[in-house]
Amino acid sequence: MSKRTVELELATPGVDARGEPLRVPLGVAEPDLGTEHMLINIGPQHPATHGVLRLVVELDGETVVRVIPHLGYLHSGFEKLGEYRHYNQIIPLTDRTDYLSPMANNVGFALAAEKLMGITITPRCTVLRVIACEMSRIISHMVWLGTTSIDLGAFTPFLWAFQERERIYNLQEMWTGARLTTSVTRVGGMMADVPDDFVAGLRHFTRTFPKTLSEIDRVLTRNAVWVGRTQGVGVLTAAEAINHSLSGPMLRASGVAYDVRKDKPYLDYETYDFDVVVGEHGDVYDRYLVRLEECSQANRILQQALDRLPDGPVNIADPRVILPPKSRAMNDMEAMIYHFKQVMEGVKAPVGEAYVGIENPKGELGTYLVSDGTAKPVRWRIRPPSFINLSALPRMAAGHLLSDLIAINASVDIVMGEVDR
Amino acid sequence: MKHVIETKTVSGQSPNYLLAKFQDLVDWAVNSSRANSLWPMPFGTACCAIEFMATAASRYDFARFGMERQAFSPRQADVLICAGRLPFKLAPVIRRIYDQMPQPKWVISMGACASTGGIFDNYAMVQGIDTIVPVDVYVPGCPPRPEGLLYGVLLLHKKIKGESLFDHVPRREEQPLDDRGLRLPPGEIDEISEPFGNSVHQFRSA
Amino acid sequence: MNPSVDALRATFGTAIGRALESCGDTIVYVARDALLDVMAWLRDTPEQAYDYLVDVTAVEYRDRERPLEVVYGLRSLARRADLRVKVELDPQGDLTVNSVVPVWRGADWLEREAYDMFGITFQGHPDLRRILMWETYTEGFPLRKDFPLRGRFSRAEQVRQALAAHPEAHYSMEELSIAEAYEELPADMKERLRRGEHGKLPDSE
Ligand code: SF4
């Protein structure tokens, strides 16, 4: 039922007392027009579903009655593969789950493995991991911003956002040698220390990035089209958000100030000065604002982390966990034996289990590892934030127009590699 | 030894020569137009799709190579770029998209996963999309850099320019699935899908 | 050790099994039949207030003698406390446990995933279907330890079955409309829906 029909049939002006557009009341019988519901299929190969998500939508006219997401089109069996890999060999797999923020995933897995093995990492490594996480947050939110603005009809922010990504990619490449699949952590340390120019490069980035942010802000935040298509759309209240187990920007946009970095701090996040960004209406617009502001908070954290980056080793000194440098492995018998044992047998973890949740750009990324004392986990479970966030989509979209469904789906910020794993 | 070179006098050009010249001209015109305005159908599934997007965005900008317009509908596309891994659940989808594309059509398989299954040698993953659709260019890498993809596109240009309208290459005809519902004989699929490299050593025990 | 364990013991007595600590996280085992009561109590008691369900998953051990565990991660947002609740099931026997969807909506897809990957039936779940694998998937439950890494069938057979699947398969309008009233369905239709018979290939094993 279109807004026009509502006006005619319900004899209301189409807006409520506060001037907000009326949600079409479900269950109000359509007048004499045919009331047969229509079933349409969006995806799995559709530019607006952000990957291979498939939505089967039941429509009453243009109003969404029900959305049934069909997942699994990118199910790659990560968790099964993890049972066949040493702990360090799993790290390359973590890149490929949420491939929009690979470095943060690496950190999440390494933290869980270290908790399981009872390893304390060095101060320099801690700060470097914070840098990795916050860089990931920025590039992930940039992709979100770019693709969502395309969905809602704005192409320019996409190009700006990808320009910023390229700059971070250059830094990532400098550090890890790869643009996307970084595998930057190891159990007990990092794959490498940052190269010489990295700190200067990142400083330059943190100085110039706010300019792009404010440009995006200027183009979108008060843009009539943007505001009209996002405000009041896909609202979730705080209680619903908690009951649906949402996390990350989705939860905070609904007004719940829960951030794992503040509330279950890891990597000394409690010592950084940053704000938890909270929305108040829980609609698509608030999610946009939250993500935009989180970018500048991430930028702040990056600056602080650069200021405090201590000298010293990045890896712990335990030769049973950390590979010796190649030159020593080639010349020193003992180092070679450790090298051989780690490569062939892997690092054994004690019997037990560990769960570590970190605040990924999409939400709380949990890594749950169960060990039976061998070098390969019995179970490697990823708590996928966007999978759980997506499960609220049917709830959010019901009663909205079909075109709003696209905005709502975009606002969840899914990445199918992680939804389907 | 002395070579005797036989010479003949021909009165004018043979008609075959003219025809061949004409065919060359037509091929040149057709192939250059085809190669230089490929409309890609981005079948982006996973991480490689992000690099595909980077290739499309400002810095690498594959519009420079005639791929200005991305066709999100298979019915208006020339080249299917499969960027990312392809699980079995997605196999019928890519096959249908391929079938919906009009001739002439080409396929680029971008990344290790699309080409061979990559690091995912497991129950969920198709071990190479060539078991499902014919592939023209394989771009290696995990993910391939944008330069890599551009190089693959240029290779495809080369391949297209070498084609001829006048010889009946079988790939210019639709290749439907056979009555078993497969593109290749089962033995061949098993052979293509065999584990290789590191995935031979996948054991659960340490 | 999390003080909630003692409170649980005091309230539910023998329904609470052993409790242990691993890497600083408290794990408490709960009898299968008491699960739903325990969960509702944990959420609704003001001193507990575990209002947030972090995760639902399952663990099967390599040791075939050990029971399969269904793992629930709970969190109290206000108190910043975590608790991990486990239910033990016999992997050879009946893998059934009560669904916690009535307590947390967020469990919906997580339980569907555990069903898809381990074959655990969550009783009372509104819409228990496969979520990641397709409906007509016949090879089994991938994360079980007896499931081979590369699946049970040959690659050619897997490709054949995959290509034979209908890319637009979905539930018919009738089935969608009844999904809400799932519990009121006749038993045979429930069974049919659960098996995903809709769209089944005639010659698949
Ligand atoms: S080849 Fe690598 S980057 Fe590309 S989809 Fe596969 S895992 Fe991802």
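The values are calculated or read from the model by the stated rules, or taken from the named source; none is laboratory data. Source: prediction; values computed, not measured. Virtual Cβ from ideal backbone geometry, glycine too; neighbours counted across all protein chains shown. Please note that ligands, DNA and RNA were not included when accessible areas were found on the heavy atoms of the full protein model with its side chains. Shrake-Rupley method; radii C 1.70, N 1.55, O 1.52, S 1.80 Å.
Burial annotation for segment A:319-368: residues with an accessible-area loss of at least 20 Å² between the isolated chain and the complete set of protein chains, computed on heavy atoms with a 1.4 Å probe, are A:Glu353, A:Tyr355, A:Glu364, A:Tyr368.
Applied to segment A:369-380, the Karplus parametrisation 6.51 cos²θ - 1.76 cosθ + 1.60 on θ = phi - 60° returns per-residue 3J(HN,Hα) values of 10, 10, 10, 10, x, 9, 7, 10, x, 6, 8, 10 Hz, with x for Gly and Pro.
When the Kirkwood radius is taken over all Cα pairs of the protein assembly as shown, what Stokes-Einstein diffusion coefficient follows at 20 °C and 1.002 mPa s, in µm²/s?
75
Using a cutoff of 8 angstrom between alpha carbon atoms and counting only pairs six or more residues apart, the relative contact order for chain A works out to 24 percent. Expressed in units of 2.2 N^0.38 Å, where N is the residue count, the Cα radius of gyration of segment A:223-281 is 1.34.
Surface composition of segment C:16-170: carbon plus sulfur atoms contribute 48% of the solvent-accessible area (1.4 Å probe, protein chains only, all chains present).
According to the Cα-based calculation, Rg over Rh for segment A:291-421 is 1.14, with Rh computed by the Kirkwood formula. Per the accessible-area calculation with a 1.4 Å probe, the total area buried between chain C and chain B rounds to 2200 Å². Separation of the alpha carbons by more than 24 angstrom is noted, of A:Lys115/A:Lys348; A:Lys115/A:Lys264; B:Lys89/B:Lys161, for B:Lys89/B:Lys161.
Would you calculate the convex hull of the Cα atoms in segment C:4-138 and tell me its volume per residue in Å³?
Numbers: hull volume 16.0 nm³, N = 135.
Expressed per residue, the convex hull around the Cα atoms of segment C:4-138 is 119 Å³.
Summing +1 for each Lys or Arg and -1 for each Asp or Glu, what net charge is found among the other residues whose Cβ lies under 13 Å from the Cβ of A:Ile414? Once all neighbours under 13 Å are counted, the net charge is -1. Here is how the number arises for the protein assembly as shown: DSSP H runs of 4 or more residues each give -39500 (n - 2.57), the sum is divided by the residue count, and the result at 222 nm is -12000 deg cm²/dmol.
Largest to smallest in accessible area, the residues A:Trp380, C:Trp41 fall in the order C:Trp41, A:Trp380 (1.4 Å probe, all protein chains included). Take each peptide in B:130-139, A:250-259, count the other Cβ atoms within 10 Å of every residue, and average; sorted highest first, the result is A:250-259, B:130-139. Quick one: compute a quarter of the convex hull surface over the Cα atoms of segment B:77-150 and quote it in nm². Averaged projected hull area, Cα only: 4.5 nm². Working from the Cα coordinates of chain B, the gyration tensor eigenvalues give, after taking √(5λ), semi-axes of 38, 22, 18 Å in decreasing order. Peptide A:407-419 has a mean shielding of 1, counted as Cβ atoms of other protein chains within 10 Å of each residue's Cβ. Accessible area per residue for segment C:4-138, computed on protein heavy atoms with a 1.4 Å probe, is 34 Å².
Mind checking which of A:Gly177, A:Gly234, A:Gly248 has the largest fluctuation in a GNM of chain A, springs on alpha carbons under 10 Å? Of A:Gly177, A:Gly234, A:Gly248, the Gaussian network model singles out A:Gly177 as fluctuating most.
Computed as a quarter of the hull surface, the mean projected area of the alpha carbon convex hull for chain A stands at 21.3 nm². Computed over Cα pairs, the Kirkwood radius of segment C:37-98 leads via Stokes-Einstein (1.567 mPa s, 4 °C) to a diffusion coefficient of 102 µm² per second. Its relative contact order, with pairs defined as Cα atoms under 8 Å and 6+ residues apart, puts segment C:4-138 at 19 percent.
Taken as Cα centroids, segment B:39-69 and segment A:107-158 sit 24 Å apart, rounded to the nearest whole angstrom. Surface burial for C against A, with a 1.4 Å probe and both sides summed, reaches about 4500 Å² of accessible area. Note on segment C:137-161 and segment C:19-87: Cα centroid distance 31 Å, given to the nearest whole angstrom. Rolling a 1.4 Å probe over the protein heavy atoms of segment A:78-420, with every protein chain left in place, gives an accessible area that is 56 percent carbon and sulfur.
With the simple model of a label 7 Å out from the Cα in the direction of the Cβ, C:Arg9 to B:Asn16 spans 9.8 nm.
Our Cα-only numbers for segment B:36-125 put the radius of gyration and Dmax at 13.2, 40 Å.
Here is the interface size for A with B: some 3400 Å² of accessible area buried, both sides summed, with a 1.4 Å probe.
Within segment B:88-122, the residues that become at least 30 Å² less accessible when every protein chain is included than when their own chain is isolated (1.4 Å probe; DNA, RNA and ligands ignored) are B:Phe88, B:Lys89, B:Leu90, B:Pro92, B:Val93, B:Arg96, B:Ile119, B:Phe120, B:Asp121, B:Asn122. Per residue, chain A exposes an accessible area of 34 Å² to a 1.4 Å probe, with every protein chain left in place.
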